[in-house]
């Protein structure tokens, strides 16, 4: 058996699903959507799911249970988790829960370069983002409510609660920034930025 692959959200999700029952890729994707997990794991492209399955299979963390075919569907391979896969799932889960990982999303990068835009451009862009964030928040609230109605226990919906809380917090923050921008409390000038950059140069080690 080869070395276990580096953990990834999609691979962990596949292993987690197979803890409950053997599944084929289409069944995995359908279950993810039914449980609202497509909001936290990007499996919109089935190729990413197949790549994850191939890595897990090559590492011996999952195995082929059977390959079947019927009149309605093409050939389908059903996978099951191995003992090594169960152990790896626990290891990955505990690591992800314990250790905050430094990630580099796009939005903070854009914020760090915000001064290159005019105030009215910033206001328009952040207003559009606020609308989108509030829509995400509402969608997450509906997802939690609808999934809970199917009898899914809360412990399986904590990820949805978390993303909903993040959307709510971001929306509140965006509203406060926009209020400061519109009131004039958030201002800057090119001269101030140039002076700050020059000050940084003089403090850099020679």
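Values quoted throughout were computed directly from the atomic coordinates according to the rules given, and no laboratory measurement underlies them. Note that the structure is a prediction, hence the values are computed from the model and not measured. Note: ideal-geometry Cβ built from the backbone for every residue, glycine included; neighbour counts use all protein chains shown.
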*Mind pulling the angle between the C-alpha long axis of helix 46-58 and the longest principal axis of the chain? Nearest 10 degrees, somewhere in 0 to 90.*
60
_Quick check on the chain: helices-only [θ] at 222 nm, where DSSP H runs of length 4 and up contribute -39,500 (n - 2.57) each and the sum goes over total residues. Nearest 500, please._
-21000 deg cm²/dmol
_I need the per residue convex hull volume for the range 1-119, using only the alpha carbons, in cubic angstrom as a whole number._
159
*Proxy reagent accessibility, fewest Cβ within 10 Å first, across 143, 44*: 44, 143
_Degrees between helix 119-149 axis and first principal axis of the chain (Cα, 0 to 90, nearest 10)_ = 30
*Regarding the range 106-203, what is the average projected area of its C-alpha convex hull, in nm²?*
8.5
*Of all alpha-carbon pairs in the range 152-197, indicate the percentage at a distance above 12 angstrom.*
73
*In nm², what is the average projected area of the convex hull enclosing the Cα atoms of the chain?*
17.5
*Would you list 56, 15, 193, 130 from fewest to most Cβ contacts within 10 Å?*
193, 130, 15, 56
*Taking only Cα atoms, what is the 0 to 90° angle, nearest 10, from helix 25-34's long axis to the longest principal axis of the chain?*
50
_Order of 82, 47, 127 under a 10 Å beta carbon neighbour criterion, fewest first_ = 47, 127, 82
*Relative contact order of the chain: what whole-number percent is it, with Cα pairs under 8 angstrom and at least 6 residues apart?*
20
